[in-house]
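Asks: Got a structure for you, written out below as structure tokens; questions coming shortly.
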Amino acid sequence: MQTQISIDRDRCIGAGQCALTAPKVFTQDDDGFSELLPGYEDALDGAMVKEAVRACPVQAISLG
Ligand code: SF4
């Protein structure tokens, strides 16, 4: 089953922990807010994604 990921950009404070933790999935846009990278789907199974969800200080990332 395909894992879904979403970023609540209203909640994101641009801390960058997600991009540091799972650099194949997240990047930061020009304003510092989290964005999903092209092709991120291929990296969603990695343990680092769950780590990034945990690392976000404002719980802006959800997996479903
Ligand atoms: S770790 Fe959370 S607050 Fe920081 S950039 Fe990523 S989504 Fe935004």
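The values are calculated or read from the model by the stated rules, or taken from the named source; none is laboratory data. Small disclaimer: the values here were computed from a predicted structure and weren't measured. Cβ placement follows ideal geometry from the backbone for every residue including glycine, while neighbour counts extend to all protein chains displayed. For the accessible areas, the whole protein counts, side chains as well, though only heavy atoms, and no ligand, DNA or RNA atoms are used. Shrake-Rupley method; radii C 1.70, N 1.55, O 1.52, S 1.80 Å.
Asks: In sequence order, what are the phi-derived ³J(HN,Hα) couplings for region 58-64 according to the Karplus relation 6.51 cos²θ - 1.76 cosθ + 1.60 with θ = phi - 60°, rounded to whole Hz, with x for glycine and proline?
Replies: Taking θ as phi minus 60°, the curve returns 10, 6, 8, 9, 10, 10, x Hz for region 58-64.
Asks: Right, next: Put a dot 7 Å past each Cα toward the Cβ at VAL58 and ASP29; how far apart are the dots in nm?
Replies: If labels sit at ASP29 and VAL58, their model points lie 1.4 nm apart.
Asks: Can you report the principal axis dimensions of the chain using only the alpha carbons, biggest first, rounded to whole angstrom?
Replies: Extents along the principal axes: 31, 20, 17 Å.
Asks: For the pair GLU41/ILE13, report the inter-label distance in nm, with labels modelled 7 Å from Cα in the Cβ direction.
Replies: Each label point is offset 7 Å from its Cα along the Cβ direction, giving 3.4 nm.
Asks: Carbon and sulfur: what percent of the chain's accessible surface (1.4 Å probe)? Walk me through the numbers on the way to the answer.
Replies: On the way: 2060 of 4230 Å².
Percent of accessible area from carbon and sulfur atoms in the chain: 49.
Asks: Another question, if that's okay. Counting only heavy atoms of protein chains, what accessible area per residue, in Å², does the chain have with a probe of 1.4 Å?
Replies: Numbers: 4230 Å² over 64 residues.
I get 66 Å² per residue for this part.
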